[in-house]
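Before any comments, here is the structure.
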Amino acid sequence: MNVREQLLALNDELRRLKSEGRRTVTISEDNLDQLRQAVADVTTIETAAPISAEMISQPLVSAAAPTAMSPVEPTSSRVRQPAPSVVPVPVARTVVPVYTTAPLPAPPVVTLPAGDKTTRWAALRELVLNHPVCQAHVRPGKQVVLGVGDLDARIFFCGEAPGPEDEVQGEPFIGPPGQLLTRMIQGMGLKREQVYITNLMNWRPEMALDARGEQIGNRAPSPEEIKFCLPFLRAQLEIVQPKLIVALGKTAAEGLLGQGPIKTLGEIRGQWHAFGELPLMVTYHPSYILRNQSNSSKRMIWEDLLKVMERVELPISDKQQNYFL
């Protein structure tokens, strides 16, 4: 990963933290100097740098106290240190604006034809992939994305939106988060082909392009975008008729629960909710594990999946019961 890609990844992570209610992060002076130098390097190399200042300037970055241990002095003799100051990070003068989309029309009315599941799903796929609104929001060379999997699946996984790899191949959860999801499914004793996997949205939410015509970063779908695509999701549920839904991530949970912004996913994960008449389990998106590799993070998601396995009466071995402990 080059410097530019690392900065974009950092930008995405800071956006995620902000969406979860975080307003500050702690960073050492050494790392802050490295960040300044990295941004300066990108500024020197690119005349139109695609690094937004929104997430890597004040008030998200502050200097951290040294981490080296030192003897603890009595309070009376301790010199009070000044509070860490906010250190703005130099960024390129040319900042790519956040992409804004035109207002969407009213959500479509989806009427499925009579027939078996395969016939109805094929008709839905034809409708979604060729829908003029979906097509209007797909970049040249990219694809509209519909769900995939077993049309008789008991478990219906739902994320938020296609990623960069997904819109190229036209299938959800193809990139690194999808590869991790596949391993999670295998840990449940199933194959990817035995579940159904989809997203709230059928296209990758647009943002500005870089000089090569590639989208810069990712953003969460807007409530209007989710509202427009929900009829397509409901149609998939009508065809598959699963036993339950697993919402992957905060955005998916917000879209399915329809209760407005969720402050933190920890407040609602691991609990049974409902989407219509279907049980709904909320857990973290696989990308969360890619950023948090601790066993405790993995165990949180695994405990949610154990509840899912129990609900659909999948066998649970002692080994599975004790994963990541």
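The table for this structure:
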quantity	calculated
Some residue of region 238-258 being more than 17 Å from the chain's Cα centre (by Cα), surrounded by 15 or more Cβ atoms within 10 Å (Cβ to Cβ), in a helix (DSSP H, G or I) and not basic (Lys, Arg)	yes
Matching option when the condition is modelled with pLDDT under 95, part of a loop (DSSP other than H, G, I, E, B) and closer than 18 Å to ALA247 by Cα, among ALA211, ALA153, ALA220, ALA161	ALA220
Residue that is farthest from ASN218 (Cα to Cα), among those in region 284-303 that are in a loop (DSSP other than H, G, I, E, B) and either of a type in the set (Ser, Thr, Tyr) or in contact with an Asp or Glu (Cβ under 6 Å, 6 or more places away or on another chain) (or both)	SER294
Test for ALA235: is it of a type in the set (A, V, I, L, M), touching a residue at least 60 places away in the same chain (Cβ under 8 Å) and touching a strand residue (DSSP E or B) at 6+ places or on another chain (Cβ under 6 Å)	no
Residue in region 304-317 that is touching a Phe, Trp or Tyr at 6+ places or on another chain (Cβ under 9 Å) and outside any helix (DSSP H, G or I) present	no
Candidate set: region 111-141, residues that are touching a Pro at 6+ places or on another chain (Cβ under 9 Å) and either among the aromatic types (Phe, Trp, Tyr) or in a loop (DSSP other than H, G, I, E, B) (or both); chosen: the one surrounded by the fewest Cβ atoms within 10 Å (Cβ to Cβ)	HIS131
Qualifying position, being exposed (fewer than 13 other Cβ atoms within 10 Å of the Cβ) and not small (Gly, Ala, Ser), among LYS298, LYS319	LYS319
Single match in PRO177, PRO205, PRO221 (criterion: surrounded by 15 or more Cβ atoms within 10 Å (Cβ to Cβ) and closer than 16 Å to LEU146 by Cβ)	PRO221
Region 262-277: number of residues that are without any contact (Cβ under 8 Å) to a residue 60 or more places away in the chain and either closer than 27 Å to GLU238 by Cβ or touching a Lys or Arg at 6+ places or on another chain (Cβ under 6 Å) (or both)	10
Qualifying positions in region 164-178 - part of a helix (DSSP H, G or I) and over 14 Å from the mean Cα position of the chain (by Cα)	GLU167, VAL168, GLN169
Residue within region 186-199 that is assigned by TED's automatic domain parsing to the domain that holds ASP152, at pLDDT below 95 and not charged (D, E, K, R) present	no
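The values are calculated or read from the model by the stated rules, or taken from the named source; none is laboratory data. Just so it is clear, the model here is predicted, and its values are computed rather than measured. Methodologically, a virtual Cβ is constructed for each residue, glycine included, from the backbone with ideal geometry; neighbour enumeration extends over all protein chains shown.
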